[in-house]
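Single-structure report; data block below.
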Amino acid sequence: MINIFEVYETNKMIEQEQLDVRTITMGISLLDCCDADLDTLTRNIYDKITRTARDLVSVGREIEREYGIPIVNKRISVTPVALIGGRACTCPEDFVAIARTLDAAAKATGVNFLGGYSALVSKGMTATDEHLIRSIPMALASTERVCSSVNIGSTRTGINMDAVKLMGEIVKETAEATRDDSSLGCAKLVVFCNAPDDNPFMAGAFHGVTEADAVINVGVSGPGVVKRALEEVRGENFEVLCETVKKTAFKVTRVGQLVAQEASQKLGVPFGIVDLSLAPTPAVGDSVAEILEEMGLASVGAPGTTAALALLNDQVKKGGVMASSFVGGLSGAFIPVSEDQGMIDAVCRGALSIEKLEAMTCVCSVGLDMIAIPGATSAATIAGIIADEAAIGMINQKTTAVRLIPVVGRDVGDTVEFGGLLGYAPVQQVNTFSCEDFINRGGRIPAPIHSFKN
Amino acid sequence: MSAPIKKTIITVVGKDTVGIIAKVCTYLADNDVNVEDISQTIIQGFFNMMMIVDTSRSSKPFGEMAGDLERIGEEMGLKIRCQHEDIFTRMHRI
């Protein structure tokens, strides 16, 4: 029998502690849209997306209403476009036509972002992959809702340093192409190592080639709920702390699992995974940084931060795994700067540097995320940061990613406003000693020794 | 095959006033919704009421009923929510 205190607790989590389902993402395969003619290809893509995701937004709203749980984002991910455009696209401009089609399809279905304008080049780049990558700045500048990602390495293949070098340049060009908009294009572009096929979170979401024709993935959230639970055990030892995070993660994930199953059933699309991530938003009280500070740090960035984050990540996974039948995606805690008020504050008070953030990415869910850097940062330096982050992922057999925003015309001390869920960010200091000769070598860093598990 | 009927949980939170239960129950009776259980308590100074109702014969679709009750709540300075029971059972039961 349902008990009034449990009902009260659930509704308090929703109303006061910002418990929500962060995203329902419908993955759609575009492999059956391929055609040698660009017009036919774009028409096929538009038709398939708008047909498959026709009811996504309305079903999302219906679930919100029936269970009283907010679902913040409804999104779509598609097969990496570099694989789809192979026959029809002979230059970067051809790919931009596909990007515009994706944008139109996103608007028609009412989703706020569509991911999958992507290339997977962890071992090598085809001519088509390179066309797509070179089209990214123009594609992101001329669309509103399209997100792009490029996978440049993996534990199995090593790191494609030619692609790393190219991505350094592409990030710069994207910043330039969207300079009138605070270089916002870079907020829609992620460079991955070990990218998962079933990630529901933007900007890195795409529908991997290992996936079914269409699938529903759900990303749960709730940093506020975890923080509030930890307030109750202030001063207690680590055992109690861990137990508290674990129990809370279980409850939060159960809601994600419920929403995933409902959405899957109502849409007639199979359920894929629940991504057990704590994803912050710029709203006060919805911050991963605040959880770490609640554990006893005066500021995120203080010694102990990496340990605190490691603990949080592990307990979230331990609590969540039993609550869902399929867990996947990135699963862990996100540590973006601009999207997390606690992180922004830590950067502003000088407690959190890019180097500390890099150390934190060894134990978190993804990587260097939504960090504004001076517009004058060189492409080689950006490539160097990407290479460092990819190396962490490659060696540690985990997903890592970089989403840096070199804001044109801004320098350390400035603040950049991105708006909405993207928040704002102080421009951070980057180590300016050159890594140009290192990046210019080109070629590939071989896979690490522990990748040979056959 | 249709899905099994879900019970709906109605919660009323706010300052205590005369006639809250009467008003909510009248609305439910008028729309063929059967009340199966009512419990109430004061939590952190707030009046909290929970009803478990069966909407299988309800004359109104779920969304409309939820909207109507929300408005009735606003008129009395209360927050009234309707939610399917699953969110509570899933979260608190293994």
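The values are calculated or read from the model by the stated rules, or taken from the named source; none is laboratory data. Please read these numbers as outputs of a predicted model, since none were measured by experiment. When we count neighbours, we look across all protein chains shown, and the Cβ atoms used for this are built from the backbone with ideal geometry, even at glycine. Please note that ligands, DNA and RNA were not included when accessible areas were found on the heavy atoms of the full protein model with its side chains. Shrake-Rupley method; radii C 1.70, N 1.55, O 1.52, S 1.80 Å.
Okay, here's what the table says:
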item	result
Test: residue in segment A:193-204 that is touching a residue at least 60 places away in the same chain (Cβ under 8 Å), of a type outside the set (Asp, Glu), open to solvent by 20 Å² or more (accessible area, probe 1.4 Å) and farther than 21 Å from residue A:155 by Cβ	yes
Test: residue A:20 is open to solvent by 10 Å² or more (accessible area, probe 1.4 Å) and more than 14 Å from chain B (Cβ to nearest Cβ)	no
Test: residue B:82 is within 8 Å of chain A (Cβ to nearest Cβ) and within 12 Å of the chain's Cα centre (by Cα)	yes
Residue check for residue A:203: part of a loop (DSSP other than H, G, I, E, B), over 30 Å from residue A:414 (Cβ atoms) and of a type in the set (A, V, I, L, M, F, W, C)	no
Single match in A:10, A:40 (criterion: within 9 Å of chain B (Cβ to nearest Cβ), part of a helix (DSSP H, G or I), at negative phi and among the polar types (S, T, N, Q))	A:10
Residues located in segment B:31-47, provided they are within 10 Å of chain A (Cβ to nearest Cβ) and at pLDDT below 90	B:40, B:41, B:43, B:44, B:46
Failed condition for residue A:253, given (1) in contact with a Leu (Cβ under 7 Å, 6 or more places away or on another chain); (2) surrounded by fewer than 21 Cβ atoms within 10 Å (Cβ to Cβ); (3) within 13 Å of chain B (Cβ to nearest Cβ)	(2)
Filtered residues of segment B:20-34 (kept if surrounded by 15 or more Cβ atoms within 10 Å (Cβ to Cβ) and either acidic (Asp, Glu) or farther than 20 Å from residue A:5 by Cβ (or both))	B:23, B:24, B:25, B:27, B:28, B:31, B:33
Residue that is least open to solvent (accessible area, probe 1.4 Å), among those in segment B:60-79 that are of a type outside the set (Gly, Ala, Ser) and within 11 Å of another protein chain (Cβ to nearest Cβ)	B:65
Residue within segment B:41-59 that is open to solvent by 40 Å² or more (accessible area, probe 1.4 Å) and under 10 Å from the mean Cα position of the chain (by Cα) present	no
Odd one out for residue A:174 among (1) surrounded by 24 or more Cβ atoms within 10 Å (Cβ to Cβ); (2) assigned to a loop (DSSP other than H, G, I, E, B)	(2)
Residue in segment A:53-68 that is over 21 Å from residue A:257 (Cβ atoms), assigned to a strand (DSSP E or B) and more than 14 Å from chain B (Cβ to nearest Cβ) present	no
Number of positions in segment B:61-94 that are touching a helix residue (DSSP H, G or I) at 6+ places or on another chain (Cβ under 7 Å) and of a type in the set (Asp, Glu)	2
The listed residue being open to solvent by 10 Å² or more (accessible area, probe 1.4 Å), of a type outside the set (Ser, Thr, Tyr) and closer than 30 Å to residue A:453 by Cα, out of A:228, A:156	A:156
Given (1) out of contact with any Pro (no Cβ under 7 Å at 6 or more places or on another chain); (2) under 30 Å from residue A:349 (Cβ atoms); (3) surrounded by 21 or more Cβ atoms within 10 Å (Cβ to Cβ); (4) at pLDDT below 95, number of the condition residue A:305 does not satisfy	(4)
Checking residue A:266 against (1) closer than 23 Å to residue A:399 by Cα; (2) within 14 Å of chain B (Cβ to nearest Cβ); (3) open to solvent by 30 Å² or more (accessible area, probe 1.4 Å), the condition it does not meet	(1)
